[in-house]
Amino acid sequence: MDNWLKSVWFIRIISLILAGLLWVTVNVDNNMDSDSLFFNETSSDMEVMENIPLEIRFDSEEYVVSGIPQEVSVTVEGPAGAVAPAARQKNFNVFADLNGLGPGTHEVSLQHSGISNQLAVTLEPKMIEVTIEEKVTENFEVNIDYINESSLKDNLELGEPEVRPAEVSITGASSVIERVASVKAIIDVGSATETIEQQEAPVKVYDNQGNELNVLVDPTAVNVTVPVIERTKELSLNVAPQGGAPEGVLVESVTTETEGVTVSGPRDVLEDIEELPEVPVDITDVTEDQTVNVDIPLPEGVTSVSPETIEVQIDVDEPDAEGSSNQETETEQP
């Protein structure tokens with residue numbers, strides 16, 4: 001044994017064996033680290049992202065597109081180190097490229113950009129069916145639609161509204177523009193007691209079924225002035241003498257140049273009034289031709305009358321020297 005230890009060859013062999021063991025040990029450790037790293041890099045993760053906005057690429061100056069889902073679902077699968085940032089940041093796009101397509105119905109594949117190529121991507125839906133139509137712009141008159149009109153005070157009514165601008169431009173697909181039946185601005189008049197001045201009202205567009213249409217309106221709102229006035233009715237006017245004239249005075253006529261008056265009041269009251277009662281003119285103190293001012297009495301339920309006072313001309317027949325009227329004298333002659 002001592003001789004072996006003193007042998008150069010023995011020492012060389014032992015050294016070679018130890019070196020081999022050291023090499024094996026180092027390589028085994030490296031392989032274990034490599035396997036661990038490889039495993040981490042290739043471990044798979046998956047994330048489903050809902051409600052991702054869908055971008056549509058097309059010539060918006062010429063066309064209108066319908067049949068587009070607002071949102072899509074995106075599933076990404078791959079290394080966890082790539083999945084997590086994509087799911088957290090969502091800094092990618094999902095789009096449908098319609099450039100180069102003309103009017104008609106088309107089936108189009110959805111595409112994506114901005115997602116790492118380490119990830120497998122699944123879009124839901126993968127295909128969509130879209131309809132491309134030519135964009136059309138037309139002008140329409142704006143009408144006024146009142147709400148809570150039944151709550152308006154009964155003695156008030158609405159005059160002719162003024163709308164500025166009177167027309168708006170409506171842009172949409174040709175098939176939708178053909179369905180436009182009415183263009184309205186909505187005004188709430190329930191609490192109005194006086195003229196509504198320059199109220200801004202949004203413009204709504206409807207078809208003949210009353211469904212609101214999805215179109216572009218320019219401008220989107222108009223300014224509306226609505227006169228709120230007292231409810232009125234025109235009535236004819238008649239005057240009649242009242243009382244007796246002084247002895248020896250014969251009233252020949254009682255007349256007025258005012259042919260009619262305007263009365264105000266609640267709807268039901270005005271509907272029941274067909275004519276104004278005769279306006280009485282007091283002649284008890286009349287001795288000669290004269291013009292007098294007479295107040296117009298208000299019928300029951302009426303709130304006001306215009307004019308309130310009228311001029312009445314009273315003409316009398318002058319008596320003769322013997323105290324009889326000329327008319328009486330002429331009548332007594334054979």
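Pairs of Lys residues in the chain that lie 8 or more places apart, or on two chains, and have C-alpha atoms under 25 angstrom apart add up to 6. Calculated from the alpha-carbon coordinates, the range 262-303 shows an Rg and a Dmax of 14.3, 43 Å respectively. Our summary of shape: the Cα atoms of the range 115-170 have principal axis extents of 76, 29, 20 Å, ordered from largest down, in whole angstrom. If ligands, DNA and RNA are left out, what is the accessible area of S66 with a 1.4 Å probe, given in Å² to the nearest 10? Accessible area of S66: about 50 Å². Once the 1.4 Å probe is applied to the protein heavy atoms, the chain comes out at 64 Å² accessible per residue.
Helical runs (DSSP H, four residues minimum) scored at -39500 (n - 2.57) apiece and divided by the length of the chain put the mean residue ellipticity at 222 nm at -6000 deg cm²/dmol. Share of carbon and sulfur in the accessible area of the range 133-223 stands at 38%, probe radius 1.4 Å. By the Cα gyration tensor, the chain has an equivalent ellipsoid whose semi-axes, rounded to whole angstrom, run 107, 23, 12 from largest to smallest.
The values are calculated or read from the model by the stated rules, or taken from the named source; none is laboratory data. Being a predicted model, the structure only gives us computed values, none of them experimental. With ligands, DNA and RNA removed, areas are computed over all heavy atoms of the protein, side chains included. Shrake-Rupley method; radii C 1.70, N 1.55, O 1.52, S 1.80 Å.
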